[in-house]
1. Taking the radius of gyration and the Kirkwood hydrodynamic radius from Cα positions alone, what is the Rg/Rh ratio for the stretch B:134-220, to two decimal places?
2. To the nearest 20 debye, what is the magnitude of the charge dipole of the stretch B:26-255 about its Cα centre, counting +1 on the Cβ of each Lys and Arg and -1 on the Cβ of each Asp and Glu?
3. Could you report the protein assembly as shown's accessible area per residue, 1.4 Å probe, as an integer in Å²?
4. Past the 61 angstrom mark, what percentage of all C-alpha to C-alpha distances in the protein assembly as shown do you count?
5. Quick one: which residues, 5 or more positions from A:T561 or on another chain, have an amide H under 5 Å from its amide H? H modelled 1.01 Å from N in the peptide plane, none for Pro or chain starts.
6. Which one, B:S215, B:V234, B:V200, is farthest towards the positive end of the dipole of the stretch B:186-236 when Lys and Arg carry +1 and Asp and Glu -1 on their Cβ?
7. As an exercise, use a Förster radius of 41 Å and the Cβ-Cβ distance of B:S18 and A:A424 to find the FRET efficiency, rounded to the nearest 0.05.
8. Note the per residue figure in Å³ for the convex hull of the C-alpha positions in the stretch A:274-325.
Amino acid sequence: MAKAIVTQHPIRMIFELLSLMLAIAPAEFSATVEADTVPSESASSTEITARDIASVPIRTAEDALRLVPGLTLVQHGGEGKGYQFFLRGFDALHGSDLEITVDDIPWNEWSNVHAQGYLDLGIVIPELVRRVHVIKGPFTTDQGAFAMAGSARYQLGVDPQDRGFRTQYLAGTTNRHRLLAGWSPRNGTGDDFVVLEATHDDGFGQNRNINRGTLNARHVVFDSIRFGSLSVMGLGGASHFGLPGAVRNDDLASGRMGFYDSYDDAGAGTSARGVVSVNYVLTRGQHRLSAVAYGGYRHLDLVENFTGFLEDPGNGDRRHQTHDAWSWGLRGRYEWNMMPSLKFHGAAGLHGEQFSQASVHVGKSLETIDVQRNLQGLQTLLFAHGGFHYQPVRRLRVNAGVRLDTILAHVNDHTVDEPSTGGARFVASPRITASLRMRDNVTGFVAYGRGYRPPEARSLTSYTPARTGIVEEIVAKTQGSVTVADSMETGFRYTPSLWLGTSLAGFATFIARESIYDHVSGLSLELNGTRRLGAEWVVWSDPFPWMRISADVTYTHARFTGSGNPVPFAPWLVGGASVVVQHPSGFQAGLRFLGLAPRTLPHDAKSASLMMLDASIGYRYRGWFVQVQIENIANMQLREGEYHYPSGWPTQASRSELPAIHVVAGPPLNARFMVGWSGI
Amino acid sequence: MGFKIIVCGMIFLAMGCSTASESPQVTFPVRINDGEIAPFDTALGYRVDLNEARLAVKNIVFTVSGELHTASLWDFFVPSAYAHPGHYEGGDVTGQLAGAWALDLNNTGHELGSATLLPGKYFGVNFGFSRGNASMGLAEGDPMIGHTAIFRGTARKLGIEYPFEVITDSEEDRILVGAPFGATLDGSSHGVIGLMYKPVDPYEKDTAFDDLDFSTFTPDDDGVIRIVPGKNSVEDAYNKFHRRFETHDHYSFSYNQAPMHVTAYGESFIENGIPASAVSDGWALSYKKFDVQLKDIHVAGATFAGPISVDLTKKSQGHGTLVGSASVNVGSYAGGEFTIDTITIEGTATKGNIQKQFAWTLNNATDYSNCHSTTLIDTKAAGTFQITVHADHLLFDSIVSSDPAVGFQAFADADRNNDGHITPAELLDTDIKTFDPGNAAINNLWDWLLALSATVGHINGEGHCHAAPHTHDL
């Protein structure tokens, strides 16, 4: 906790002037707030706090990432399905290039039937997200699989103002109803909690409804100097939701389809997951030992149709995917302060998934037409990493290490003649970060690291798609390989005053050759090399301890190195701005703007630009809390996702196999009112 | 709405408020290319000459490789790799020509229709094998009806001829995947896509007929060997042929090539004769034969070695007579070269009730080069390079004058024996009198005529060429 000293910021002067004019007694500007931890890995590392999250409208825990400069989220299904992520020129799909952990539990689903590295934080209650630490790039040894574009580490807990018994009800204009009830010891640390949440929403357009129930709980079993700290956490939930799919741009332009319409009312999904973890920490002198063990079950069921009747004009192209998986893992971490300037850190562990999955082409009555995928497998990731944190002088910090990962997989593919196969892959990833405090208010950073994405399970099998007319000599199936990305970043942070700061980072990522899972055709594709160059500029200002204004812009030049063609879908220019107010009087407000330049789509097509403006305003008084959240204040037709692929829907006068732009709508203007109480 | 514009304009000025834009689409005619199918040799030593090759196909689609790594080249041949949000475009179909056709593969220049393609680097074409039916324009009773392909021709070996007919049927959903098509297209591209049947695989040199040992087949009563579906005695041969027939080795597509026709045209003076009004001394000429033998034609990068004889007296409605066709790159081509090897003319000159017959063969091979004309090859119509022959030049009274008189009296007077036939010998024996040969040492009318025969060649009407005695053969 820190007392902030506020200098004469121009905005503050305006406020004071207004206060004088209105004869309002100035508020207590010298407020006490919880100090932000300044991330130190790289110039672009970002920390999102519970305060940030509470001040903007969010629906899911993933929405917290919308506050991260340069990170773009798209929901191309409906609330309940995993998001698509774009970061620094990466189209990370559903998580193939972005690692997320929740209290040290790896959250990416390695070989989910829908997408590699699939991310779904649906069972994480957003109000429990105390902090999200984002590293853009694979720069620390703790970053594991899928961290090629970066990592987001969620930490759960309850902030002081919400401790005690807590309940809140939210009602929205889309017939959204959300009830949350929970408890955290009033005088505790926020690490103990139990929170229950239930949501119903009709959604803002056709086929976007959701029903969800979630339970999050954690109990600190003991916490002593002698025996350390042991906690047990359980996260669980289930949801059923509609999946609207995407709408052809030409159908929107002609009025054949409404902006929030859906072609196929059968699109739906069910998602359920339960995770239990045990976390232990022991500190003795210069040594610190931590360990986490976890296990869980996952079920995902999706019925979607993006291409209409293109591939099967009679039955349609609906696809029913099911995925069931048991996952478990163990990680131990050890730190040793060898001397004041040198610390060793090392860790080892494993992560495993036993899964069973299927993808079935289904007809109009959801009857089975053919089985496209029927896979069972066991995947295990063994890892160890170690390194040193070295601070030879006060101004210089160096953290260097290496990470070793061994990937083991055994897969039974029931669609091929030789169903049982296995494989092992190995990858070594050096990582280093360094920071130099050049002046008291200027710090420079450099970082380098190698990130990796393990191969998707089916890429190890002998599965080859049906083909005709191919001479045998052309067929040369490649086995799934580990994709590695070499990333580097350099930049600085400059804080000319206590109320103003800025950071500038230049980054580069090189991928020599990429193995990627095409999550519809079931192909593991080998793509040509890519490189991504760019820069990120962030400026923030804290005119008061209770206000933060920030703005950012990220430019990325992402190209395939051979052809020079742009990497499609990923935005080349992203800008954002936000204002967060949490006044000690209880007044809270937030304003968030996101702008995306037109995104490059394949074949010289371009998406529209995108602008989103959300706001919230609330007031907290003696445990009561009211808030109004408004999404899309300008009521613009948000083309949140735009894609380029062929489809054949009955709206088309003639069958065409040519790709066309398809649009996924973001929310229209809608409002949600929330009232809550916490106390006792 | 105003608020939106303000928000858009003020905050997002740098990024721009733009609407989505679809890929540009370009249309290209798809035509049968490459001329008649040349005879070829099979692995068993047969020389096969196809005089009929017909194929029923449908739904042609064009594919790009996207950014797939070449190590997994096969992936882009998978036609069902349709996209889904977030996909890379590996193996995308980005061009198509929908429809079904019964193609005569020897019918060079026949247009199937216009294909629509998106910009991209194209590597392959897929199409479906179909069965001939009436909607393809086939007449009732056409043997193509119900079948995928018919090949008729003759196989020869050791001096023995084996007339044959091969009919093959493919499943209706059979797709040929990966016919080569190398082209890089952008929104400004214009050209023609040519479909080519390659009886000989250009890379492996195999043919679909390699497994057919014609000497072992029993011909039908009409002497024709028939290899058709359902005929037990040739089942093995049929299956082997069919398997090779359906591979992509024997089909290819090319871009940026448009048909160019080389024609020869004698204008009205040769097709209808030279009227008396066009001749200063009142003679009128009509031609029974005006045969020019052409060779060494070079235009737009194409070569027609020849020699090719063309009788220019055939009525052509102003189009001239086709000398040859080729697929050439779209563009504008200046110049052109050709050689007129021999001119053979037979005709009648008439004045009042006097008629004079003539039959001359003028062997004065002349190279015409640096022709002052431009040949345009584009997609709107086949480009034409017309060799125009001016028959009136043979009646000029001067080789060097820019405005010579046209007359026949001197030739009529050469008929010394007055038998009505002007022979080369009579011309050789007749002085040129007042004709102006310039510096040329020409004394008799036959040599005069040979000299004038080196001036008749033009291009595209009045385009002049540099004429010189033929110096070499290709």
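The values are calculated or read from the model by the stated rules, or taken from the named source; none is laboratory data. These figures come from a predicted structure and were not determined experimentally. Here the Cβ is made from the backbone with ideal geometry for all residues, glycine too, and neighbour counts use every protein chain on show. These accessible areas exclude ligands, DNA and RNA; they are computed on the full protein's heavy atoms, side chains included. Shrake-Rupley method; radii C 1.70, N 1.55, O 1.52, S 1.80 Å.
1. Numbers: Rg = 17.9 Å, Rh = 17.0 Å.
Looking at the stretch B:134-220, the ratio lands at 1.06.
2. Details: 17 positive and 33 negative charges, 57 e Å.
With only Lys, Arg, Asp and Glu charged at Cβ, the dipole is about 280 debye.
3. Details: 44900 Å² over 1154 residues.
For the protein assembly as shown, the solvent-accessible area averages 39 Å² per residue.
4. Values: 209230 of 665281 pairs.
Taking all Cα-Cα pairs of the protein assembly as shown, the fraction more than 61 Å apart is 31 percent.
5. Distant-sequence amide H within range of A:T561: A:G529, A:T530, A:R531.
6. B:V200
7. Working: r = 49 Å, r/R0 = 1.18.
The computed FRET efficiency comes out at 0.25.
8. Details: hull volume 5.2 nm³, N = 52.
Dividing the Cα hull volume of the stretch A:274-325 by its residue count gives 101 Å³.
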